[in-house]
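Heads up: the structure comes next, in C-alpha cells.
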Amino acid sequence: MAETVKVWYDPEGDFLEVLFSDKPGFMRETDNDAVMQRVDEQGNILGFSILGVSSIEKQKPLVAELV
C-alpha cells in the first residue's frame, strides 16, 4: 500500500490524476475509455487518471479494472 497518494484535479481540462508513486512510468488504457492507468516497465500500477470527471453521473459509480 502506498504511504503517500498525490491527487491533482485540473478544472480547465476536467482531468483528475491520482499517483501512488513518483517512479517513471507510462499510461495504459483500461476497459473504461475515461480511465487510464499509469504503470512502470514491470506493469506495476503507479496511479490512474480520469478524463471528463464532471460528466460522471452522480448516481452511478465509475468502474474500471486496474490490472
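From V67, V7, which residue is within 13 Å of the chain's Cα centre (by Cα), free of Cβ contacts under 8 Å to residues at least 60 places away in the same chain and surrounded by fewer than 10 Cβ atoms within 10 Å (Cβ to Cβ)?
On the way: V67 fails: surrounded by fewer than 10 Cβ atoms within 10 Å (Cβ to Cβ).
The match here is V7.
Tell me which residues, restricted to region 10-21, are in a strand (DSSP E or B), of a type in the set (A, V, I, L, M, F, W, C) and more than 9 Å from the chain's Cα centre (by Cα). It would help to see each step written out before you state the result.
Our first condition is that a residue be in a strand (DSSP E or B); within region 10-21, this holds for 10, 15-19.
Now restrict to residues that are of a type in the set (A, V, I, L, M, F, W, C): 15-16, 18-19.
Scanning region 10-21 gives a single hit, F15.
Return a yes/no flag: does region 50-64 have any residue that is assigned to a strand (DSSP E or B) and either surrounded by 11 or more Cβ atoms within 10 Å (Cβ to Cβ) or among the basic types (K, R) (or both).
Filtering region 50-64 down to residues assigned to a strand (DSSP E or B) leaves 50-51.
From what's left, either surrounded by 11 or more Cβ atoms within 10 Å (Cβ to Cβ) or among the basic types (K, R) (or both): 50-51.
Yes: one or more hits.
Go through region 27-46 and give me each residue that's within 19 Å of P11 (Cβ to Cβ), touching a residue at least 24 places away in the same chain (Cβ under 8 Å) and not in a loop (DSSP other than H, G, I, E, B).
Filtering region 27-46 down to residues within 19 Å of P11 (Cβ to Cβ) leaves 34-36.
Next cut, touching a residue at least 24 places away in the same chain (Cβ under 8 Å) only: 34-35.
The one that is within 19 Å of P11 (Cβ to Cβ), touching a residue at least 24 places away in the same chain (Cβ under 8 Å) and not in a loop (DSSP other than H, G, I, E, B): V35.
Would it be correct to say that P24 is exposed (fewer than 10 other Cβ atoms within 10 Å of the Cβ), assigned to a loop (DSSP other than H, G, I, E, B), modelled with pLDDT of 90 or more and of a type outside the set (F, W, Y)? Can you show your working first?
Values: exposed (fewer than 10 other Cβ atoms within 10 Å of the Cβ): yes; assigned to a loop (DSSP other than H, G, I, E, B): yes; modelled with pLDDT of 90 or more: yes; of a type outside the set (F, W, Y): yes.
Spelling it out, P24 is indeed exposed (fewer than 10 other Cβ atoms within 10 Å of the Cβ), assigned to a loop (DSSP other than H, G, I, E, B), modelled with pLDDT of 90 or more and of a type outside the set (F, W, Y).
For the condition among the small types (G, A, S) and in contact with a Leu (Cβ under 7 Å, 6 or more places away or on another chain), what is the one hit in G47, G13?
Details: G13 fails: in contact with a Leu (Cβ under 7 Å, 6 or more places away or on another chain).
Exactly one residue qualifies, and that residue is G47.
The values are calculated or read from the model by the stated rules, or taken from the named source; none is laboratory data. The structure displayed is predicted, hence computed values, not measured ones. Reconstructed Cβ throughout: ideal geometry from the backbone, glycine too, with neighbour counts over all protein chains shown.
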